[in-house]
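Beneath this line is the structure, given in structure tokens, with notes to follow.
The values are calculated or read from the model by the stated rules, or taken from the named source; none is laboratory data. Please read all numbers here as calculations on a predicted model, not as lab measurements. Glycine gets a Cβ as well: all are built from the backbone with ideal geometry, and neighbour counts include every protein chain shown. With ligands, DNA and RNA removed, areas are computed over all heavy atoms of the protein, side chains included. Shrake-Rupley method; radii C 1.70, N 1.55, O 1.52, S 1.80 Å.
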Amino acid sequence: MAQSPTIPSNLPSLTPAIGGNPSSITFDYERINSSFGVQKKVVHMIRIWITKYWMEDWNNNAKMLAYIDEFVKKVTKGYQNDIDFDDGERHKGLELIDSIHKTMQKQKAEMKFNHQSALNNLSLFQLTKQHHHNM
């Protein structure tokens, strides 16, 4: 049986308080210290996770949705308020973190569209079935 990986204690805390209140998510750091290349890889992995595992992990999980929304807000605030970033770096970072938000919106829109399409198909099937039954 495989052991779970150990999480280093020096990472920022993202654990919500009991009750799952997203505004209670805290970070040990208010600055973005990793290189843009690392940030880009992390955001890419988050977006893959959201896209590939939407139904399993995200769709009906209010805590996860609130958590990622709060994460995006906190990182956005970090980019906006860090005086060490020049305008170009700040813009790149804000676009990067906004890509998570856009991925979430796309997944939600696709779910809504798929749900509506399924309802339309069901209605069409019922009408066709009823029409054939009345003949």
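Per-structure values
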{"read-out": "With all protein chains modelled, accessible area of residue 101 [1.4 Å, Å²]", "value": "80 Å²"}
{"read-out": "Accessible surface, 1.4 Å probe, highest first, among residues 104, 64", "value": "64, 104"}
{"read-out": "Environment charge at residue 51 (Cβ cut-off 10 Å; Lys +1, Arg +1, Asp -1, Glu -1)", "value": "+2"}
{"read-out": "Accessible surface, 1.4 Å probe, highest first, among residues 49, 58", "value": "49, 58"}
{"read-out": "Accessible area (Å², 1.4 Å probe, nearest 10) - residue 95", "value": "110 Å²"}
{"read-out": "Area accessible to solvent at residue 85, 1.4 Å probe radius, in Å²", "value": "40 Å²"}
{"read-out": "Inter-probe distance in nm under a simple model that places probes 7 Å from Cα toward Cβ, at residue 95 and residue 41", "value": "2.2 nm"}
{"read-out": "Using a Förster distance of 30 Å, the FRET efficiency for residue 53-residue 81 (Cβ separation, nearest 0.05)", "value": "0.40"}
